[in-house]
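First up is the structure itself, then whatever we jot down about it.
The values are calculated or read from the model by the stated rules, or taken from the named source; none is laboratory data. If you're wondering where the values come from, they're calculated on a predicted model, not measured in any experiment. All Cβ positions, even for glycine, are placed from backbone atoms using ideal geometry, and neighbour counts span all protein chains on display.
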Amino acid sequence: MPNNYSCPECKSKMNIGSSLVFSAKSPDNERGLIFLDTELGNYTKTTHPDFELQEGVEYKFYCPVCHFKLNKEENFNLVKVHMTDDNGKEVEINISNIIGEYCTYKIQEKKVESFGPDAKRYRNYLDVPDEYRKYL
Ligand SMILES: [Zn+2]
């Protein structure tokens, strides 16, 4: 059974088939939809040919249903969604907002599990207790 993803704001389901659907915007205001594989650590992305993703560029990510901005207020580089796993547990998933940066974090209470070749990048940030994050 695939993982189910939902918007932290409107709770709408964001996965269709084996894709997690985001609405995204580049700094040059190019907008479009991104289909990302629902499997954690799989970075296969599909977009319409008219919406070409630029490597190394920071995108804004939005819920495709309510357009809530999913980049975290406290760290723009992390995009937050909720996921319900096979056991029905809801966890927080963070991915990078930079195209071509491959890291995923599964956050459950105080535990962080990371995936992807670039996983080290935000690991230190996420391992720090909340109250200290503002000093980073
Ligand atoms: Zn939403």
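Would you mention how many residues in the range 114-125 are without any contact (Cβ under 8 Å) to a residue 40 or more places away in the chain and in a helix (DSSP H, G or I)? Spell out how you get there, then give the answer.
From the range 114-125, those without any contact (Cβ under 8 Å) to a residue 40 or more places away in the chain are 114, 117-121, 123-124; that's our starting set.
The next check asks that each one be in a helix (DSSP H, G or I); those that pass are 120-121, 123-124.
Going through the range 114-125 one residue at a time, the tally reaches 4.
I need a count of the residues in the range 19-65 that are basic (Lys, Arg), over 16 Å from ASP118 (Cβ atoms) and either in contact (Cβ under 8 Å) with a residue 40 or more places away in the chain or in contact with a Leu (Cβ under 9 Å, 6 or more places away or on another chain) (or both).
Here is the first cut: in the range 19-65, the residues basic (Lys, Arg) are 25, 31, 45, 60.
Within this subset, residues satisfying the condition of being over 16 Å from ASP118 (Cβ atoms) are 25, 31, 60.
Filter once more, so that each one left must be either in contact (Cβ under 8 Å) with a residue 40 or more places away in the chain or in contact with a Leu (Cβ under 9 Å, 6 or more places away or on another chain) (or both): 60.
Of the residues in that region, 1 qualify.
For the range 10-113, list the strands (runs of 3 or more DSSP E) that sit wholly inside it and hold at least 2 residues that are at pLDDT 95 or above and either more than 16 Å from the ligand (Cβ to nearest atom) or closer than 16 Å to LEU126 by Cα (or both); which are they? Give the steps one after another, and end with the answer.
Numbers: elements: 19-25, 31-37, 60-62, 75-84, 90-96, 104-108.
Of the strands (runs of 3 or more DSSP E) lying wholly inside the range 10-113, those with at least 2 residues that are at pLDDT 95 or above and either more than 16 Å from the ligand (Cβ to nearest atom) or closer than 16 Å to LEU126 by Cα (or both) span 31-37, 75-84, 90-96, 104-108.
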